């Protein structure tokens with residue numbers, strides 16, 4: 001439908017160019033009562049109607065404004081699967097599978113280091 | 001006194017109004033081009049604008065499946081919203097096209 005919209009806009013542009021040429025030709029021939037040829041008029045009208053129809057189809061759909069209607073269309077399960085609190089920008093990096101990401105203090109084995117956070121599926125113990 | 005927009009989503013209202021405004025502007029541009037190319041002048045040009053506006057409103061009515069209350073605050077929004085600003089756009093393109101076709105070249 002969008003391609004048809006572009007084609008119809010090209011048709012309108014072509015009709016405008018054709019109209020300019022037709023009128024300038026009539027001026028050159030010295031015709032006093034200048035009128036637009038019927039085919040150019042029809043081309044312009046049909047192009048505009050078609051592009052208007054295509055634009056109505058492609059401009060987007062209206063959405064219901066009632067909040068109750070929006071909420072009633074959501075499944076009940078969507079209220080249970082909401083994102084939990086997410087931790088980010090932590091100074092002590094969260095444990096991961098690669099050892100290179102462990103904090104330096106823990107890697108040196110210092111006792112004053114912060115206790116290691118529970119690993120997620122990492123079976124290797126720090127030594 | 002209860003808020004008249006109680007129970008309505010402002011985001012959806014704004015979105016629908018934006019679609020309506022864009023359609024009105026597009027139709028005004030097309031209508032102005034047609035009127036200028038056809039060489040219409042005077043009151044006939046303004047009559048054609050209102051014809052274009054009514055045609056657009058009918059198209060939007062079909063698009064909303066004849067239930068305008070579901071998508072807009074008032075049922076008359078489809079018929080009256082953006083008509084004044086659309087008229088200015090229409091006159092702009094009407095005069096521009098008429099000048100290009102009949103006067104400049």
Single condition residue B:79 does not satisfy, out of (1) away from chain A (no Cβ under 11 Å); (2) in a helix (DSSP H, G or I); (3) more than 22 Å from residue A:62 (Cβ to Cβ): (3)
Single residue of B:96, B:56 found to be out of contact with any strand residue (DSSP E or B) (no Cβ under 9 Å at 6 or more places or on another chain) and buried (at least 18 other Cβ atoms within 10 Å of the Cβ): B:56
Test: residue in region B:46-53 that is touching a helix residue (DSSP H, G or I) at 6+ places or on another chain (Cβ under 8 Å), crowded, with 18+ Cβ neighbours inside 10 Å and within 10 Å of another protein chain (Cβ to nearest Cβ): yes
Tabulated pairs, region B:88-105, first more than 8 Å from chain A (Cβ to nearest Cβ) and more than 15 Å from residue A:48 (Cβ to Cβ), second modelled with pLDDT under 95 and in a helix (DSSP H, G or I), C-beta under 6 angstrom, 6+ apart or interchain: B:98/B:36
Residue among B:87, B:96, B:92, B:56 that is closer than 30 Å to residue A:70 by Cα and part of a helix (DSSP H, G or I): B:56
Number of the exception - residue B:72 against (1) within 30 Å of residue A:68 (Cβ to Cβ); (2) facing chain A (nearest Cβ under 9 Å); (3) touching a residue at least 12 places away in the same chain (Cβ under 8 Å); (4) part of a helix (DSSP H, G or I): (4)
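Scan region B:8-43 residue by residue and report those that are part of a loop (DSSP other than H, G, I, E, B) and either in contact with a strand residue (DSSP E or B) (Cβ under 9 Å, 6 or more places away or on another chain) or at the interface with another protein chain (Cβ under 9 Å from one of its Cβ atoms) (or both).
Kept after step one, since they are part of a loop (DSSP other than H, G, I, E, B), are these residues of region B:8-43: B:9, B:39-42.
Residues satisfying the conditions are B:9, B:39.
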Members of region A:8-38 that are more than 9 Å from every other protein chain (Cβ to nearest Cβ) and over 19 Å from residue B:32 (Cα atoms): A:25, A:26, A:28, A:29, A:30, A:31, A:32, A:33
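The values are calculated or read from the model by the stated rules, or taken from the named source; none is laboratory data. Note that the structure is a prediction, hence the values are computed from the model and not measured. Cβ coordinates were reconstructed from backbone atoms using ideal geometry, including for glycine residues, and neighbour counts include every protein chain displayed.
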